[in-house]
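Right, one structure below, let's go through it.
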Amino acid sequence: MLDFAIFAVTFLLALVAAVLYLYPASRQAAGIPGITPTDEKDGNLPDIVNSGSLHEFLVNLHERYGPVVSFWFGRRPVVSLGTVDVLKQHINPNKTLDPFETMLKSLLRYQSSGGNVSENYTRKKLYENGVTDSLQSNFALLLKLSEELLNKWLSYPESQHIPLCQHMLGFAMKSVTQMVMGSTFEDDQEVIRFQKNHGTVWSEIGKGFLDGSLDKSTTRKKQYEDALMQLESILKKIIKERKGKNVSQCIFIDSLVQGNLNDQQILEDSMIFSLASCIITAKLCTWAICFLTTSEEVQKKLYEEIDQVFGKGPITPEKIEQLRYCRQVLCETVRTAKLTPVSARLQDIEGKIDKFIIPRETLVLYALGVVLQDPSTWPSPYKFDPDRFNDESVMKTFSLLGFSGTQECPELRFAYMVTTVLLSVLVRRLHLLPVEGQVIETKYELVTSSKEEAWITVSKR
């Protein structure tokens, strides 16, 4: 399967109006080190496919050519940045458009949110307020869903193999749908219906558009369009219901409804947040538990922190904020799993990185998966070591990359809190254990997952 991120970038390139220049002598984009096109029409897409994913292609490219590299999507050049130092030269902390959201919008063929700075800032604040308010208002619900999963696992015999990916996806779907879209999703059948449509849409924007197979298959195209239409229909109904109502239980959509946005903007933003939050939350929960099962020392230290903060008392929002080591565990999970291995921005003005000129309207990739395992930035990069985030400078680097602090995408911020509550509930009562002999292989897409089901076992503390 061709990965989602490849098409995300390809589709964004299609939006570029200007023709970027080809250097006939070197066949390199703007004279930047890299590889020449393998195919006159497809550029280096065959090389990306043969590598297995865009991330794996970029790993090899940066190893060969250095921190700033170029390659070709079709007849258009692309530049990729692969170290913290070169990213620092390119990242603008005042940018308000989230590249993750921008790619998803282009894939769904929604109108890109390219408003002025003021409009983009307003939308960013609506997102931030929506995340904050929905988490605060629905904390008891999140705790209840986490405890339901705990009780389910407690009911299993200790030898029972638990399908972790399946359970985390189900938990994320229940949590996100109710906290983002409200009480409609208290009905499990509504959650199942949403999950089915979500899966159809997510799958097709990851493969069907890129290889052209979606347009060639009438059946698949109809299934995709029907699924997207059903998701939009649900959101339109909820948006209409929430308008003009004084509701005691705040959900994410309420922030958008109360902002100065039109109905189409509310629909698009709520769709993007719903799609992305479900996947990011599910995968962050999955990878965090996977790493805890294989690191007894980290799990012991996390349990001790949870016990120290909560004791025998209840889990509360105020005390959750005190779980510093837990946050380090989640940051290290994002880093080690390379949770979102590729991001992208369009070069809006001509720029310079090191000695290289980046022409206006060049697509610039942030090879985050490469950066997150660069040994010059992360000593012992393949080791799962949450203690590395004790260092304030490490946290600053992580924030620069968009995984923490003010540059953190709202979907990831949402996922951090959901996963923190879940781990607090589970680790407090259970030992999380690996299945002996299991090897988990990674599938690199826009959000990284395991290729096959990941199995664990649990035992009571």
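Brief remarks follow.
- Candidate set from the range 43-75 (those that are of a type in the set (Asp, Glu) and surrounded by 17 or more Cβ atoms within 10 Å (Cβ to Cβ)); member that is farthest from Lys88 (Cα to Cα): Asp47
- The residue that is modelled with the lowest pLDDT, counting only those in the range 57-91 that are under 16 Å from Thr362 (Cα atoms) and among the polar types (S, T, N, Q), is Gln89.
- Residues in the range 50-67 that are part of a helix (DSSP H, G or I) and either of a type in the set (Ser, Thr, Tyr) or touching a Leu at 6+ places or on another chain (Cβ under 6 Å) (or both): Ser51, Tyr65.
- Restricting the first member to the range 52-74 and to residues that are among the acidic types (Asp, Glu), and the second to residues that are open to solvent by 10 Å² or more (accessible area, probe 1.4 Å), the beta-carbon pairs closer than 7 Å and six or more apart or on different chains are Glu56/Tyr444.
- In the range 348-355, the condition of being touching a residue at least 60 places away in the same chain (Cβ under 8 Å), part of a loop (DSSP other than H, G, I, E, B) and in contact with a helix residue (DSSP H, G or I) (Cβ under 6 Å, 6 or more places away or on another chain) is met by no residue.
- Scanning the range 436-461 for residues that are hydrophobic (A, V, I, L, M, F, W, C), open to solvent by 20 Å² or more (accessible area, probe 1.4 Å) and in a strand (DSSP E or B) yields a total of 1.
- Some residue of the range 389-396 being more than 16 Å from the chain's Cα centre (by Cα) and either assigned to a loop (DSSP other than H, G, I, E, B) or β-branched (Val, Ile, Thr) (or both): yes
- Which numbered condition Arg327 misses (of (1) assigned to a helix (DSSP H, G or I); (2) in contact (Cβ under 8 Å) with a residue 60 or more places away in the chain; (3) open to solvent by less than 20 Å² (accessible area, probe 1.4 Å); (4) out of contact with any strand residue (DSSP E or B) (no Cβ under 7 Å at 6 or more places or on another chain)): (3)
- Check on Arg429, of a type in the set (Lys, Arg) and modelled with pLDDT under 95: no
- Single condition Glu361 does not satisfy, out of (1) more than 30 Å from Leu433 (Cα to Cα); (2) open to solvent by less than 10 Å² (accessible area, probe 1.4 Å): (2)
- Just one residue in the set Lys152, Lys95, Lys124, Lys144 is at pLDDT 70 or above, farther than 30 Å from Asp188 by Cα and surrounded by fewer than 21 Cβ atoms within 10 Å (Cβ to Cβ); that residue is Lys124.
- Qualifying position, being closer than 30 Å to Leu81 by Cβ and open to solvent by 70 Å² or more (accessible area, probe 1.4 Å), among Thr406, Thr377, Thr397, Thr419: Thr406
- Scanning the range 419-435 for any residue that is within 24 Å of Ser343 (Cα to Cα), in a helix (DSSP H, G or I) and in contact (Cβ under 8 Å) with a residue 24 or more places away in the chain turns up at least one such residue.
- Test result for Asp391, out of contact with any His (no Cβ under 6 Å at 6 or more places or on another chain) and surrounded by 13 or more Cβ atoms within 10 Å (Cβ to Cβ): no
- Checking Tyr382 against (1) open to solvent by 60 Å² or more (accessible area, probe 1.4 Å); (2) touching a residue at least 24 places away in the same chain (Cβ under 8 Å); (3) assigned to a helix (DSSP H, G or I), the condition it does not meet: (3)
The values are calculated or read from the model by the stated rules, or taken from the named source; none is laboratory data. This one's a predicted model, so the numbers in the text were calculated from it and none came from an experiment. Ideal geometry is used to build each Cβ from the backbone, glycine not excepted, and the neighbour counts take in all protein chains shown. Surface accessibility is based on the protein's heavy atoms, side chains included, excluding ligands, DNA and RNA. Shrake-Rupley method; radii C 1.70, N 1.55, O 1.52, S 1.80 Å.
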